Amino acid sequence: MSIRVERMSKRFSAYPALDDVSLEIAPGAFVALLGPSGSGKTTLLRIVAGLDFPDSGRILFGDEDVTEKPAAKRGIGFVFQHYALFGHMNVERNIAFGLDIMKRRQRPKRSEIRKRVEDLLRLVQLETYGKRFPAQLSGGQRQRVALARALAREPRILLLDEPFGALDAKVRGELREALRAIHDEIGLTSIFVTHDHEEAFALGDRVAILNSGRIEQFGTPAELVERPATEFVRSFLT
Amino acid sequence: MRRLLIGIAFAWIAIILLLPLGTVFAEAFRDGLSGWLGAVTEPDALSAIRLTLLVAAIAVPLNVVFGIAAAWAITKHDFPGKTALLTLIDLPFSVSPIVSGLIYVLLFGAHGWFGAWLEEHGVEIVFALPGIVLATIFVTFPFVARELIPLMAAQGRSDEEAALSLGASGWQTFWHVTLPNIRWGLLYGVLLCNARAMGEFGAVSIVSGHIRGETNTMPLHVEVLYNEYNFAAAFAVASLLAVLGLLTLALKTLLEWRHRDEIAATGR
């Protein structure tokens, strides 16, 4: 599903977090939001998710204006830097959460939910971990569970906030590949935030570079390297 | 050096805590078990016990609801006046209980601001159950909120945001995510709140009016007996209060022990 951000601004008390930002993302794209800390990349992602709301501007999923819609009704999946798994639920119940809380009439049958959880555990390669609790898993495993949980309600859009930020280099590489494979297999439109340009270039089809609440340049990794639009982009990438 | 420090700690606890506690029970049973039974089953004592339990049964649940609501608002949302609310929650800790009691007399007493209006409408607050409940609520309302605020602040908002992004409503998020995350802190807050609600003396003493068999709670009844030089009976009722405190502590320990695997597994 396409995502369109139109003239979005957001202030946090004193400083502008986003300053008149526009961005158009094609269906099926895998986009990286790259920038130094405080550049507004996380704010932009959270506004797309419906976890924060802009002061002005619009956001559209396909043709639908979702600017006023809360996160719960946007049909997105969100993955947090520190996993945000529910510590009192085992892996299966974490993954099933989004389905378990649906209204009775819309909720799938118990057997269907179980089947879906099994499929998702297979997708993230954690088939035998269903009964474990988050505290009994490694960081990489927890992030896999968080990914499976975010996909349970079959979102069309997947949003990831520094998803590999808390992991070591080896696990990061594995998870990157797994995520790319899942994105392609399901046909998601994905946006992820990172401050690591290697990661942005390795994973993103297109990369938006942010600085002080503005998008400096939005293009493919090759374009950014060959034709940096601003001095900031040039110095940030070297 | 280490032994010395540990020795001092134990000696201090023995002198400050165990010795007085032991004295209470020793004095309570000075006239034997039958003397103790007689003192605590005497009609005025029974009435004091009933009143204390009733007041706690009203005040504690209300403060649990208030404490959770305040902690939730303060830690999971931003709004103007947040700092003011945080300061107000601490007010009962910083104000003498006597003053808190006097406030209610000033407001609802016969010569108070609303006194005349209340009398016209036949509503009794001061020197009756409502006044005692109000004073108890005032004195005990920080316990739950104060226990939860640091805990919920440390846990941050991302668990709740995860639930929202998965389609949960505000209530579902609260029941399935927030409440389980805070349950141990909440339990501890409730137990502390309850212990204080049953033991509160100062504020309740002002608004109760000390009517024997009617508006005397257990701590007030102890004072009355003591002032009448009825030491054995005073200590007998005091021993009941002490047992309530010890039970609270035992209950907390038992719950933590029974759920230790779960606490270790979830890290909470």
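The values are calculated or read from the model by the stated rules, or taken from the named source; none is laboratory data. Bear in mind that the values here come from a model prediction, so they are computed numbers and not experimental data. Positions of Cβ are backbone-derived with ideal geometry, glycine not excepted, and every protein chain shown enters the neighbour counts.
Numbers at a glance
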{"read-out": "Output for the range A:58-101, where each listed residue is on the phi > 0 side of the Ramachandran plot and hydroxyl-bearing (Ser, Thr, Tyr)", "value": "A:83"}
{"read-out": "Residue satisfying all of: in the range A:49-80; among the hydrophobic types (A, V, I, L, M, F, W, C) and within 11 Å of chain B (Cβ to nearest Cβ); farthest from residue A:161 (Cα to Cα) among these", "value": "A:72"}
{"read-out": "Test for residue B:163: is it without any contact (Cβ under 8 Å) to a residue 60 or more places away in the chain and either within 12 Å of another protein chain (Cβ to nearest Cβ) or outside any helix (DSSP H, G or I) (or both)", "value": "yes"}
{"read-out": "Restricting the range A:94-152 to residues that are buried (at least 16 other Cβ atoms within 10 Å of the Cβ) and of a type in the set (S, T, N, Q), the residue that is modelled with the highest pLDDT", "value": "A:94"}
{"read-out": "Residue under evaluation residue A:119, criteria (1) part of a helix (DSSP H, G or I); (2) within 9 Å of chain B (Cβ to nearest Cβ), criterion not met", "value": "(2)"}
{"read-out": "Single residue of B:127, B:143 found to be away from every other protein chain (no Cβ under 14 Å), under 30 Å from residue B:90 (Cβ atoms) and not in a helix (DSSP H, G or I)", "value": "B:127"}
{"read-out": "Qualifying residues in the range A:123-134 (those that are part of a helix (DSSP H, G or I) and closer than 18 Å to residue A:163 by Cα) - the one nearest to the other protein chains (Cβ to nearest Cβ)", "value": "A:134"}
{"read-out": "Residue that is assigned to a strand (DSSP E or B), more than 14 Å from the chain's Cα centre (by Cα) and of a type outside the set (S, T, N, Q), where the choices are A:216, A:198, A:177, A:223", "value": "A:216"}
{"read-out": "Qualifying residue in the range A:83-91 (condition: part of a helix (DSSP H, G or I), of a type in the set (A, V, I, L, M), under 30 Å from residue A:8 (Cβ atoms) and within 11 Å of another protein chain (Cβ to nearest Cβ))", "value": "no"}
{"read-out": "Residues of the range B:211-239 satisfying the condition of being surrounded by 17 or more Cβ atoms within 10 Å (Cβ to Cβ), in a loop (DSSP other than H, G, I, E, B) and over 18 Å from the mean Cα position of the chain (by Cα)", "value": "B:215"}
{"read-out": "Some residue of the range A:35-42 being in a strand (DSSP E or B) and more than 30 Å from residue A:185 (Cα to Cα)", "value": "no"}
{"read-out": "Every pair of residues 6+ apart whose Cβ atoms lie under 8 Å, when the first sits in the range A:35-52 and is over 23 Å from residue B:165 (Cα atoms) while the second is at pLDDT below 95 and among the polar types (S, T, N, Q)", "value": "A:35/A:211; A:36/A:211; A:38/A:212; A:39/A:211; A:39/A:212"}
